[in-house]
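Engineer: What follows is a single structure, and I will ask about it in a moment.
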Amino acid sequence: MKLYTIAKTQINLIELAKPLILASGSPRRQSLLESAGYRFAVEKSDADESFPGGMEPAQIAGFLARKKAETFLGVYKEGIVLAADTIVVLDGNILGKPENAQKAAEMLRRLSGRRHEVITGVAFLADGRIESFQDTAYVYFHDLESWEIDYYVSQYKPYDKAGAYGIQEWIGLIGIEKIEGSYFTVMGLPISKVHAYLKKYRV
């Protein structure tokens, strides 16, 4: 386990009554939690990302977040485990993480000029109980030219990102027309809602 702390220049460090463990290796989630003023440890969940066939896309992110949190039951009895999962949905179909450059480019071509959903599920394990919620944002892409897609894929290699893009990267700067919902939900952690939950543990 690696302990992450916010920069010493942060003025308002949020102290919690229990240790906080982020069950995610995502640097984006780590950055958001750090920027919000939290100290936390990082330990990735070893849960697989499978889900029951026939499950509605709207339920999957929350299901996977809970599944990740469940792997820590009985492990950190005195802590708070925060787990999250993000999915991208287009026309009712889930766009997962692309296997290679070709798959990434194909996904971005499908998203070009369209609206899609980004759903982030969040689960908290504390005091032996799991609580969870989901947050949805709607993202509208401009029509993307082939060279823009090719440049982004070659330079950023978005193979670890659902839907083959990171909103905080170049493609988000030039390609997204508008968002309905939280920008941070698209990044992978609806941080204001996470804070609303965690502040009840503030000392």
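Engineer: Filter the stretch 68-91 down to the residues that are small (Gly, Ala, Ser), out of contact with any Leu (no Cβ under 6 Å at 6 or more places or on another chain) and part of a strand (DSSP E or B) and list them by number.
Structural biologist: Within the stretch 68-91, the subset small (Gly, Ala, Ser) is 69, 74, 79, 83-84.
Of the ones still in play, those that are also out of contact with any Leu (no Cβ under 6 Å at 6 or more places or on another chain) are 74, 79, 83.
Selection gives 83 alone.
Engineer: Wholly within the stretch 92-184, which helices (runs of 4 or more DSSP H) include no fewer than the required count, namely at least 3 residues that are touching a residue at least 60 places away in the same chain (Cβ under 8 Å)?
Structural biologist: Details: elements: 101-111, 146-156, 170-175.
Passing ranges, in order: 101-111.
Engineer: For the stretch 178-203, what are the residues that are surrounded by fewer than 16 Cβ atoms within 10 Å (Cβ to Cβ), at pLDDT 95 or above and charged (D, E, K, R)?
Structural biologist: Those that are surrounded by fewer than 16 Cβ atoms within 10 Å (Cβ to Cβ), at pLDDT 95 or above and charged (D, E, K, R): 178, 180.
Engineer: Do we find that residue 34 is modelled with pLDDT under 90, closer than 19 Å to residue 185 by Cβ and not aliphatic (A, V, I, L, M) in this structure?
Structural biologist: No.
Engineer: Oh, and also: Of the conditions (1) out of contact with any helix residue (DSSP H, G or I) (no Cβ under 8 Å at 6 or more places or on another chain); (2) modelled with pLDDT of 95 or more, residue 81 fails just one. Which one is it?
Structural biologist: Just one mismatch for residue 81, condition (1).
Engineer: OK, next. Can you name the residue in the stretch 185-202 that is of a type outside the set (A, V, I, L, M) and part of a loop (DSSP other than H, G, I, E, B) and, of all such residues, is farthest from residue 142 (Cα to Cα)? Quick ask: steps written out before the conclusion?
Structural biologist: Residues of the stretch 185-202 of a type outside the set (A, V, I, L, M): 185, 188, 190, 192-193, 195, 197, 199-202.
Okay, now just the ones that are also part of a loop (DSSP other than H, G, I, E, B), so 188, 190.
Numbers: 188: 21, 190: 24 Å.
Only one residue tops the list, namely 190.
Engineer: Among 135, 160, 143, 150, which is the only one that is at pLDDT below 95 and among the charged types (D, E, K, R)? If you could, list the steps in order and put the result at the bottom.
Structural biologist: Numbers: 135 fails: at pLDDT below 95; 143 fails: at pLDDT below 95; 150 fails: at pLDDT below 95.
Unique residue meeting the criteria: 160.
Engineer: Among the listed residues 88, 81, 75, which satisfies the condition of being within 13 Å of the chain's Cα centre (by Cα) and of a type outside the set (Gly, Ala, Ser)?
Structural biologist: Values: 81 fails: within 13 Å of the chain's Cα centre (by Cα); 75 fails: within 13 Å of the chain's Cα centre (by Cα).
Every option except 88 fails the conditions.
The values are calculated or read from the model by the stated rules, or taken from the named source; none is laboratory data. Note that the structure is a prediction, hence the values are computed from the model and not measured. Virtual Cβ from ideal backbone geometry, glycine too; neighbours counted across all protein chains shown.
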